[in-house]
Each structure stands twice: as C-alpha cells, then as structure tokens.
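What follows is a set of notes on a single structure, which appears directly below.
The values are calculated or read from the model by the stated rules, or taken from the named source; none is laboratory data. A quick note: this is a predicted structure, and the numbers were derived from the prediction, not measured. Don't worry about glycine lacking a Cβ; one is built from the backbone with ideal geometry, like all the others, and counts go over all protein chains shown. For accessibility, only protein heavy atoms count, side chains too; no ligands or nucleic acids. Shrake-Rupley method; radii C 1.70, N 1.55, O 1.52, S 1.80 Å.
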Amino acid sequence: MSTQAHRLEGIEMIRIGILDLQGDVSEHFKITEKSLKNMNIESQVLKVKTASDVSACDGMIISGGESTVIGKLMEKTGIKKEILTKKIPVMGTCAGMVLLSTKTDYEQSLLGLIDMKVKRNGFGRQRSSFEDEIEIFGGKYKGIFIRAPYVSEVGDDVEILASYQDKIVAVAFGNHIATAFHPELTDDTRIHEYFIKEVLNCVE
Amino acid sequence: MLHGTTVLKEGFAKMTKGGVIMDVVNAEQAAIAEEAGAVSVMALERVPADIRAAGGVARMADPSKVKEILDAVSIPVMAKVRIGHFVEAQVIQSLGVDMIDESEVLTPADENYHIDKTQFTIPFVCGARNLGEALRRINEGAAMIRTKGEAGTGNVVEAVRHMRKIQSAIRELKDKTEEELWAVARETESPLELVKETAKQGRLPVVNFAAGGIATPADAALMMQLGADGVFVGSGIFKSENPELVAKAIVQATTHYKDADLIAKVSTNLGEAMPGIDIGEIPENERLQERGW
C-alpha cells in the first residue's frame, strides 16, 4: 500500500488505452477497469481509434483478433508510428502478441517491440483451440488458447513468464508484456495488474 | 486439456468483432479478401447472388473448394451447411474449417430441426430475424448470431429490419419484471434463462453480426451504428466492379463507422456496386430469410 501510494505521488491519474480497431476490445476494457479498481488507482480507460488518441495514453493494450487486420489498420491510422514514437508500455494478447513481435512466419505489419519470433496459429486451427491450466507468477492460471500463437525464439533479454508443453506462451521485455492466451476472457486480473504496474513504473 | 468448450466457441466469435467476413469462391478471391483486411472468409461454391440466379438445390461446397481456400489464407475460414444437415456439418468440421454457418442461403435439409450445435467442437453462426429466433439458435449451441437480411440482393433493407427488431426487443427487456420476462420467453418461444441473460447484459449474450444485403461502405457503417458487432459481406464484394477497392473500403468503414469524413473518402470512385434487387420483386416463397424458424 505504502509503496503504491509512493509511486503515485505527483501523478494525477494514469490512462490505459485499449486499441479499438478490431477484436475483443470490450472484454479488455472491462477487465482493465476491474484491475485498476482492485489496485485502487485513479485512472481512466480509453478506446484508441486514431493516432491522436495514443497521445493521451500512458500504456496501451492490444486485444485478441486478427493480427493481419489490426496490423494493417494500425499502419493506416498512423497509430503504429505514434506508439513507436511515444515509446509507451504495450500489452498484447494473442493477435496482440503477434503484433508485438519482431518476426512471424508470415509477411505482415508488426510493431516489433519484443525481441521474439512468433508462430501464428502455432497450436492449430479452431478445432485445436483449448483451455488448460498453466503456471504463471508462481501460481495456477486458466489459459484460454484460441487459434493461439506461440513464441518460437526469444532474444537474450526477454523474460519468459510462462510455457505450455515446452512452448513459450507469455513473455515480458522492457515494459511490454505479451501472452498467447486470453486473460480478458477470464475474471483473473493478475496479468492486467502486472501490466498496470509496468505502466506505473514508466510514468514515475 | 479441453476442446470445444462454450468459452472457446464464443471466444472465437469475439475475436472477429469489429471485422468484415467476406464470401469467397476460390483461392484468388480469398487472397484478395485477406489482403484487403477481411477478418475471416466464408468458403463457398457460389456467392448468394449466383445461388439465387441458379435456383435448384444449394448444398455445402465441394470439399476440394473448401481445402483450396483453407490453404490460401492465414485468417480463419468459415463454410456454410444446410439448415439441419448435421452430416454436412460433420464433413466441414473434419476439413479443418474454423466456424460453420448453418445458413438459410442453402436449401434447408430439415423442416423441423436445426443442427444440435453442442455436439460439435467448432463453433456455429446462425441467422436470425428477431430476438426469439436468435435465442433459440443460441440455445441450440450457436456461438454467434447474424441477421438474416436478404442474401444476394445487394439491398440492405432486410438486414436493417432484422437488426432494428432485435435491438428494440432487447431495449424493451430492460425495465421488465421477472413475470414480464416469463411472458417474453413464452411469446418469443425462447428459453427463460437466455431471456434473463439478455436483459441483464442489455445485448445478445453472443456476438451479433449483420448480414444479408450489405453492398457498400455506408451499408456496413449503417449496420455498425445500429449495433452490429461486425458485418458479413456476401455478393457485395466480388459482384462489384472493383472488388479490391470495395473490400478495403468496407473494412475501413466498419472500423471507423462513426467517422463520416472517412466513409466519404473511402466511398469515392469505387465504381459500380453490385446490381441490387428490390425485395418487393422477390416472391415470398423465394425469400431466403423465410427458411428456418
């Protein structure tokens, strides 16, 4: 409590933007609000549709959806350029993980913020989508994997947060975090809270 | 490890939100759709406008056609099966398709029963014209709903009618008492639990797209402003003069559906849209939306 209050000293409030171009945006919106409430942080959650929306954000979340579609629209709207210029922490889930990577097995527009190679739909098509228990932050976690990617290669400084069947499914790098699964489809706020702490560290 | 759970099925549908699902009949069209920013493609033997023109019995696509399209793109692939034809659905699932559309665009195979969609690993999307129809399909296991509209017409009027009907029925649920919700369940012939859940959420409990007659970027934005989570575009793209341009423009208009300046810009010089049909000119027994119940 005291550390958090200390952290927030001099900061009026933090603003988390949810990229609102395509995908399960409202699910991220809800769980982000819930996480911020849990942490008792004065904050605002915004939907980001244009490049100028990015400038209001202290951190951003890229939802699940189709990475090819979101990537194209991020480029067209100038959001990609703005994120890279502003250097804010970004969290990505599923398609968001693909977009945070430096390389995939497909030619598409990427942010390249996490030094890793991602295999899109690495666990297969929808019939192979699965739910299973995984381990993260030293505890159990309900992993929901939908046409999920996995990380096939990581750079030296990338922290591996979770693996499933020998495949890397959650990573952190700098202030960025990416998961192959969908925390926004659960009620578990641990991963969002982890990211919000990263944003706080940056704002400080 | 669990497969085919409701969370995974409805979750898949949630990932398509805000997107455009495009009808394609071959690998070349599928690649154009993906390049234009389609969130998924619907693999078909013929687009609805051609199904309408051809007449006769319309069935699921040839597996070779479906495979051709599966191999052509990295985005999810959907395919249509006839209402009630659970074996066509088994076949489509075995091909590796990501979602099945139990569709009135094809000739129904069963006049009494829709497919028991809980028996499948992959999710289903089904058409609906009103709240009761939507909730009955969800009760059968549909993970996603779309308006029926009137496919293959290039005329958005029926999709608008169905979307408005569903949205206004949901708004009416808001202030109803418990007993009144029982009456709604009875009147709409839908399960009470789902009526209550819809009232609680203030929206359908699954993703709800618009479909059937969307032909222009403005049509797509109209459906989004009316409350759709995304749009299906059937004949509207590949029956237009410039499919690539139209596809890209519809994707942009669906994302930025409240931005009239942007819709104006992307609607400029698109060439001829698909030729449309007045709904009044289609005899009632030839209207696809009347199929299913």
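Residues in region A:108-138 that are open to solvent by less than 50 Å² (accessible area, probe 1.4 Å) and more than 9 Å from chain B (Cβ to nearest Cβ): A:S109, A:L110, A:L111, A:G112, A:L113, A:I114, A:M116, A:V118, A:G122, A:F123, A:I134, A:I136. Those strands (runs of 3 or more DSSP E) of region A:53-158 in which 1 or more residues are among the acidic types (D, E) and more than 16 Å from A:L21 (Cβ to Cβ) occupy A:114-119, A:130-136, A:150-154.
Quick check on B:T107: is it more than 12 Å from every other protein chain (Cβ to nearest Cβ), surrounded by fewer than 18 Cβ atoms within 10 Å (Cβ to Cβ), assigned to a loop (DSSP other than H, G, I, E, B) and at pLDDT 95 or above? Considered against the rule, which asks whether it is more than 12 Å from every other protein chain (Cβ to nearest Cβ), surrounded by fewer than 18 Cβ atoms within 10 Å (Cβ to Cβ), assigned to a loop (DSSP other than H, G, I, E, B) and at pLDDT 95 or above, B:T107 comes out as yes. Filtering region A:181-198 to residues that are touching a Pro at 6+ places or on another chain (Cβ under 6 Å) and farther than 18 Å from A:Y150 by Cα leaves only A:E198. Among the residues of region A:116-147, the one identified as of a type in the set (D, E) and in contact with a Leu (Cβ under 6 Å, 6 or more places away or on another chain) is A:E131. Consider region A:139-165 and keep the residues that are open to solvent by 40 Å² or more (accessible area, probe 1.4 Å) and of a type in the set (K, R). The one that is nearest to B:V77 (Cα to Cα) is A:K142. Residues that are open to solvent by less than 10 Å² (accessible area, probe 1.4 Å) and among the acidic types (D, E) within region A:67-107 are absent altogether. A single entry from B:G234, B:G213 fulfils the requirement of being modelled with pLDDT under 95 and closer than 21 Å to B:G292 by Cα: B:G234.
Screening B:A31 against (1) closer than 22 Å to B:Q119 by Cβ; (2) surrounded by fewer than 22 Cβ atoms within 10 Å (Cβ to Cβ) leaves a single unmet condition, (1). Is one or more of the residues making up region B:193-203 open to solvent by 10 Å² or more (accessible area, probe 1.4 Å), over 18 Å from B:A260 (Cβ atoms) and of a type in the set (A, V, I, L, M, F, W, C)? Yes, region B:193-203 has at least one match. Picking from residues in region A:23-57 that are acidic (D, E) and touching a residue at least 60 places away in the same chain (Cβ under 8 Å), the one that is least open to solvent (accessible area, probe 1.4 Å) is A:D24. Residues in region B:75-97 that are out of contact with any Leu (no Cβ under 9 Å at 6 or more places or on another chain), farther than 30 Å from B:N285 by Cα and surrounded by 16 or more Cβ atoms within 10 Å (Cβ to Cβ): B:I75, B:P76, B:Q93. Candidates B:V195, B:V207: the one that is in contact (Cβ under 8 Å) with a residue 40 or more places away in the chain and over 25 Å from B:K80 (Cβ atoms) is B:V195. Listed conditions (1) farther than 30 Å from B:P205 by Cβ; (2) within 14 Å of chain B (Cβ to nearest Cβ); (3) of a type in the set (F, W, Y) are all met by A:F173, apart from (2). The one condition from (1) closer than 21 Å to B:I214 by Cβ; (2) more than 14 Å from chain A (Cβ to nearest Cβ); (3) open to solvent by 10 Å² or more (accessible area, probe 1.4 Å) that B:K17 does not meet is (2). Take the residues in region B:238-257 that are away from every other protein chain (no Cβ under 14 Å), of a type outside the set (G, A, S) and within 20 Å of the chain's Cα centre (by Cα); name whichever of them is nearest to B:V25 (Cα to Cα). In this case the residue turns out to be B:F238.
Let me spell it out: the conditions are (1) within 30 Å of B:I170 (Cα to Cα); (2) of a type in the set (V, I, T); (3) within 14 Å of another protein chain (Cβ to nearest Cβ); (4) open to solvent by 10 Å² or more (accessible area, probe 1.4 Å), and B:T118 meets all of them except one. Which number is the exception? Here B:T118 clears every test but (3).
The set of residues in region B:73-86 that are within 14 Å of chain A (Cβ to nearest Cβ) and within 19 Å of the chain's Cα centre (by Cα) comprises B:I75, B:P76, B:V77, B:M78, B:A79. Just one of the listed residues (B:T147, B:T177) is among the hydroxyl-bearing types (S, T, Y), out of contact with any Phe, Trp or Tyr (no Cβ under 8 Å at 6 or more places or on another chain) and either touching a residue at least 24 places away in the same chain (Cβ under 8 Å) or under 22 Å from B:V195 (Cβ atoms) (or both), and it is B:T177. Does A:A178 satisfy being in a loop (DSSP other than H, G, I, E, B), among the aliphatic types (A, V, I, L, M) and crowded, with 21+ Cβ neighbours inside 10 Å? No. Determine which single condition B:L70 fails, assuming it passes every other condition in (1) facing chain A (nearest Cβ under 9 Å); (2) not in a helix (DSSP H, G or I). Here B:L70 clears every test but (2).
For residues that are open to solvent by 30 Å² or more (accessible area, probe 1.4 Å) and of a type in the set (S, T, N, Q), scanning just region B:221-251, find the one that is farthest from B:R203 (Cα to Cα). For region B:221-251, the residue satisfying everything is B:N242.
Of the residues screened, A:R190 is not one that is touching a helix residue (DSSP H, G or I) at 6+ places or on another chain (Cβ under 7 Å), charged (D, E, K, R) and without any contact (Cβ under 8 Å) to a residue 60 or more places away in the chain. Determine whether B:S64 is within 27 Å of A:Y106 (Cα to Cα), surrounded by fewer than 24 Cβ atoms within 10 Å (Cβ to Cβ) and at pLDDT 95 or above. Answer is yes for this residue.
Within region B:34-60, if we keep just the residues that are aliphatic (A, V, I, L, M) and surrounded by fewer than 18 Cβ atoms within 10 Å (Cβ to Cβ), the residue that is nearest to the other protein chains (Cβ to nearest Cβ) turns out to be B:V57.
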